[in-house]
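All remarks here apply to the structure that follows.
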Amino acid sequence: MYCGSCLRDNTLATELLARGHDVVLLPVYTPTRTDEENVSDSRVFFSGISVYLEQHVPLFRKTPAVLDFIWDAPAVIRLATGRGVSVDPEFLGDMTVSMLRGEQGHQAKEFRKLLAYLRLEDPFDVIVLPTSLLASLAPPLRRELRRPVVCTLSGEDLFLEGLPLPYRKQAKALIAEAAPSVHSFIATSEYYADFMAGYLELPRRQIAVAPLGIRFDGLEPAPPASGERPLTIGYLARIAPEKGLHLLASAYIRLRRELGLENARLEAAGYLAPEHRSYLDGVAKALAAVGLESEFRCHETIDRPRKLAFLQSLDLLSVPSPYAEPKGLYLLEALACGVPVVEPNHGAFPETIEKTGGGVLFAPGDVSDLAAKLLELARDPARRRELGQSGSEAVRRHYSAARMAERTLEICAEAQAAFQAA
């Protein structure tokens, strides 16, 4: 799995390092995985194996760190996660709440291990947490290291909403309890800053916005195709219900069987979790039921060279997510390659489309409207070229790694100055 948050954080760290800043990127739970050069530390804190064992087996809450080293090793964690571990929040409520209880939870030993390690490091100016699901780290980090803490908001409401209600309520309350130890939360879009202020009951002034940014190496528009080829509609995201591949498949069926679109293909790529294998099978069966199975292909997880080739093979991209996305890296990557997009009119998508002019919006969840917007662009190559060119140029102005780094530096410098003044 190429995690969107890992990709974003690794890109940010890479850009900051290139500017001469001293950055340490520490993985939590599992080694980070990115399709670019990975600049994260090799050591993993709060190893997913240790966190799980400490939750369910009291003995492991007291084992010495030297013994933990065995199952905290990145190779061991990769072996375990490579066997298809489910991260369905429905089954992780008690562990989520325990982690958010911090030093009073079952994983208290992990907090001590991290603090012991950081005390030996050269002092940082500021500490950035990757998600509010780790907000319980803020109080001990601020107390022990005497440095300001900021925290990225990275789509955790999707996970929290998947928790059974008692755990969800407790988790949100515990995040709010830790929030005063966080100087600033960082959202990647104005939409998400506004949404999370209400969702977590945070003061809106405590949430800053640093736009999502990507590096553009290899993300270039494809040269004009020679000869006839099928119009290719693409999907690039996790293969999961909340990303909406089933909606895109339904719209494609409507395009081909009701609206008269000819000579087309539907191509998908993205991480497929074990619990969503049946979901993908359902999508494929729906297409097969109307004789379109030969026009659909799912590549699942693809590395960067294959991702670049995939994007450059598309005429349109749509990830019709029913979930109101706070980020949408795939949107920026498609636009950088000159591929126009058709996205739901919610989440961060409207502001991205407004800034880039690289696509059109449809009514969220409305398959008929999605099909109509896709058909309109499918039958208007000139309009597709116009949107693609606008998107490719504007995404470089508004959503570069450089711009993301500059804004993040401003937020961190303000946090440092306010902390020193206090």
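Remarks
- Comparison of Tyr330, Tyr323 shows that the only residue that is in contact (Cβ under 8 Å) with a residue 24 or more places away in the chain, in contact with a Leu (Cβ under 7 Å, 6 or more places away or on another chain) and part of a helix (DSSP H, G or I) is Tyr330.
- Test result for Pro211, of a type outside the set (Ser, Thr, Tyr) and surrounded by fewer than 17 Cβ atoms within 10 Å (Cβ to Cβ): no
Quick grid of which residues meet (1) more than 20 Å from Glu242 (Cα to Cα); (2) of a type in the set (Phe, Trp, Tyr); (3) at pLDDT 95 or above:
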| position | (1), (2), (3) |
| --- | --- |
| Ala264 | yes, no, yes |
| Leu272 | no, no, no |
| Lys285 | no, no, yes |
| Glu293 | yes, no, yes |
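- Residue match in segment 49-68 (condition: assigned by TED's automatic domain parsing to the domain that holds Pro89 and within 20 Å of the chain's Cα centre (by Cα)): no
- Helices (runs of 4 or more DSSP H) within segment 337-418 that include 2 or more residues in the same structural domain as Lys243 (by TED's automatic domain parsing) and closer than 22 Å to Gly260 by Cα: 367-378, 381-398
- Here segment 175-202 is the region considered, the condition is being closer than 12 Å to Ala138 by Cα and out of contact with any strand residue (DSSP E or B) (no Cβ under 7 Å at 6 or more places or on another chain), and the residue that is surrounded by the most Cβ atoms within 10 Å (Cβ to Cβ) is Ile175.
- Number of residues in segment 74-93 that are in contact with a helix residue (DSSP H, G or I) (Cβ under 9 Å, 6 or more places away or on another chain), surrounded by fewer than 17 Cβ atoms within 10 Å (Cβ to Cβ) and modelled with pLDDT of 65 or more equals 3.
- A count restricted to segment 152-207 and to residues that are of a type outside the set (S, T, N, Q), within 23 Å of Asp94 (Cα to Cα) and outside any helix (DSSP H, G or I) stands at 6.
- In segment 353-364, the qualifying residues are those that are in contact with a strand residue (DSSP E or B) (Cβ under 8 Å, 6 or more places away or on another chain) and of a type outside the set (Phe, Trp, Tyr), and the one that is surrounded by the fewest Cβ atoms within 10 Å (Cβ to Cβ) is Ala363.
The values are calculated or read from the model by the stated rules, or taken from the named source; none is laboratory data. Since we're looking at a predicted model, the values are computed, not measured. Note that we place each Cβ from the backbone using ideal geometry, even for glycine, and neighbour counts take in every protein chain shown.
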